[in-house]
Every structure is written in structure tokens, then in C-alpha cells.
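Right, one structure below, let's go through it.
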Amino acid sequence: MLALKVTAVGASEGLVLNKEARRILNVKKGDTLYLTEAPDGAMRITPYSPEFERQMTLAETIMNEDREILRVLAK
């Protein structure tokens with residue numbers, strides 16, 4: 001378990017990620033993290049974007065269903 005410290009960032013508050021937390025999350029300065037609620041009510045911090053995943057799933061569906069149309073348009 002890693003402990004994260006809440007600190008003042010201007011008029012807001014933020015979390016300080018130490019080197020180990022950045023390594024585990026595979027993030028660097030400027031990356032976006034998401035706070036998501038798990039089914040059991042727990043909160044998770046992750047670099048995973050649920051909205052991006054949804055968009056990619058929709059794109060894959062469209063590409064699979066309309067493969068021939070996309071092939072013609074690509075010419």
C-alpha cells in the first residue's frame with residue numbers, strides 16, 4: 001500500500017505521487033489520472049480512461065461492421 005499526501009496547489013488541493021506511485025501507474029508530469037468508483041464502493045486512481053475505452057470500442061464496432069464502405073472510401 002502506498003500513502004499519498006494531499007497538499008495545497010494554488011486555491012485547490014492535489015495529491016503528491018512519489019516515485020514508486022508514478023512507476024506503478026506509469027505516469028509522468030502532465031498525464032491525466034482518473035478517480036473511478038469500483039462496484040464495491042472503493043475508489044481507484046488509474047491512468048485508464050473509461051470514456052476513451054468506450055470510444056475505441058465504438059470505433060472498432062464501426063470498422064468491423066462497415067469494413068467494405070471504409071475500404072471504398074479509402075480509395
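Every number in this text was worked out from the coordinates using simple rules, so none of it is lab data. Since this is a predicted model, take the numbers as computed values, not measurements. Every residue, glycine among them, receives a Cβ derived from its backbone with ideal geometry; neighbour counts consider all protein chains shown.
A few remarks follow.
- Selection within region 26-75 - among the hydroxyl-bearing types (Ser, Thr, Tyr) and either without any contact (Cβ under 8 Å) to a residue 12 or more places away in the chain or assigned to a loop (DSSP other than H, G, I, E, B) (or both): THR32, TYR48, SER49, THR57, THR61
- Matching residues in region 10-25 - criterion: being assigned to a loop (DSSP other than H, G, I, E, B) and free of Cβ contacts under 8 Å to residues at least 12 places away in the same chain: GLY10, ALA11
- The set of residues in region 25-75 that are surrounded by fewer than 11 Cβ atoms within 10 Å (Cβ to Cβ), among the β-branched types (Val, Ile, Thr) and either within 30 Å of LEU2 (Cβ to Cβ) or in contact with a strand residue (DSSP E or B) (Cβ under 8 Å, 6 or more places away or on another chain) (or both) contains only THR32.
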